[in-house]
1. Per 0.36 nm of contour for each residue apart, how much would the distance between Y194 and I53 grow if the chain were fully extended, relative to their Cα-Cα spacing?
2. Running a GNM on the chain with Cα contacts under 10 Å, which residue among L87, L115, L145 ends up with the highest mean-square fluctuation?
3. Test of understanding: ordering S200, S147 by Cβ neighbours within 10 Å, fewest first, what list do you get?
4. Find the eigenvalues of the gyration tensor of the Cα atoms of the stretch 1-48, then list the square roots of 5 times those eigenvalues as equivalent ellipsoid semi-axes, largest first, in whole angstrom.
5. Among the trypsin sites (Lys or Arg not before Pro) within the stretch 160-221, which fall in a DSSP loop and have no more than 15 other Cβ atoms within 10 Å of their own Cβ?
6. Set the Förster distance to 22 Å, then compute FRET efficiency between R201 and R38 from the Cβ-Cβ distance, nearest 0.05.
7. Along the three principal axes, how long is the stretch 8-244 when you take its alpha carbons, biggest first, rounded to the nearest angstrom?
8. Mind giving me the nanometre distance, one decimal, between the label points for I102 and M131, set 7 Å out from Cα along Cα→Cβ?
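Only the coordinates and a few stated rules stand behind these numbers; no lab work does. Note that this is a predicted model, so its numbers are computed, not measured. Cβ atoms come from the backbone with ideal geometry, glycine included; neighbour counts cover every protein chain shown.
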Amino acid sequence: MGKLDNKIALITGGTSGIGGNAAVLFAKEGAEVIIVGRNSERGKNKEKQIRDIGNKATFFQCDVTDKSDIMVLQNIITGKYGRLDILFNNAGVLLTGDLNEITDEDWDIVYKTNLKAVIGMTKTFMPMLEMSHGVILNNSSVAGLQSHIAGKKTYLYASSKAALIQFTKLCALNYSPSVRVNCLCPGITDTPIYTNRDFSRFDSIPMKRIARPEEIARAALFLVSDDASYITGVTLPVDGGASLK
Ligand SMILES: NC(=O)c1ccc[n+]([C@@H]2O[C@H](COP(=O)([O-])OP(=O)(O)OC[C@H]3O[C@@H](n4cnc5c(N)ncnc54)[C@H](OP(=O)(O)O)[C@@H]3O)[C@@H](O)[C@H]2O)c1
């Protein structure tokens with residue numbers, strides 16, 4: 001028996017990295033996974049990878065910063081599945097720069113993706129999640145907890161992820177007991193979000209390595225499954241001890 005048997009799970013940013021690994025794992029645990037992202041080639045590949053081993057997944061192209069895309073997604077999910085049990089708000093972008101280099105466009109991209117889209121997805125799907133007594137998991141970051149970890153130039157990223165933590169807590173307060181809402185704070189994880197692939201700058205992590213995306217996916221599985229049935233409003237660092245420093 002899987003930990004997510006008969007659950008319908010929507011994962012934003014399921015086309016890559018942490019979300020892609022979560023999509024594979026949730027499907028292995030019995031969920032029917034809805035993968036959302038903008039890149040249809042990567043999305044279709046992920047869908048195929050999951051289906052090829054006999055599990056259930058469907059990719060829908062959707063830009064989470066686009067309200068009309070979210071409306072289309074809501075209609076599809078209502079019509080095709082009729083319910084939603086798990087919403088993993090995972091899609092995110094990382095932009096760094098000195099304060100005087102940051103443009104209005106940079107603010108828009110980071111805040112629209114990392115915060116506004118999560119709020120939009122939550123508003124849109126909360127009624128379905130209330131009906132199913134479902135679960136929301138938001139993917140924040142250790143950068144939302146400790147400003148120095150991801151680097152000193154993460155003004156936009158770190159502040160958007162910090163705001164996401166507070167948004168999570170308020171949702172948990174307001175929608176308890178019907179919907180559990182939690183927040184994951186991964187540490188530095190080996191995914192394509194980093195264009196600079198030299199990770200030696202993170203040598204001070206107590207566990208002496210960065211995370212593998214499947215390690216973050218396993219923590220996500222815990223929080224969305226019934227193993228965490230009495231947990232809501234928490235912020236879980238999965239960071240090899242990085243936030244201790
Ligand atoms: N890697 C780390 O060290 C780390 C640490 C802490 C937190 N996180 C968080 O983990 C989450 C996943 O990141 P990752 O590391 O797995 O990076 P990634 O491999 O670059 O994945 C980012 C995902 O977000 C999706 N995405 C971005 N903008 C989107 C949009 N407008 N609409 C729909 N999907 C969008 C991308 O899909 P498309 O390109 O297909 O749109 C992609 O699947 C992010 O929220 C990130 O902030 C990562």
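1. Here the answer is 47.8 nm.
2. In the Gaussian network model the winner is L145.
3. Fewest-to-most ranking of S200, S147: S200, S147.
4. The answer is 19, 9, 8 Å, longest axis first.
5. Within the stretch 160-221, the qualifying trypsin sites (Lys or Arg not before Pro) (loop, at most 15 other Cβ atoms within 10 Å) are R197, K208, R209.
6. E(calc), rounded to 0.05, equals 0.15.
7. Cα spread of the stretch 8-244 along its principal axes, largest to smallest: 46, 36, 36 Å.
8. 4.0
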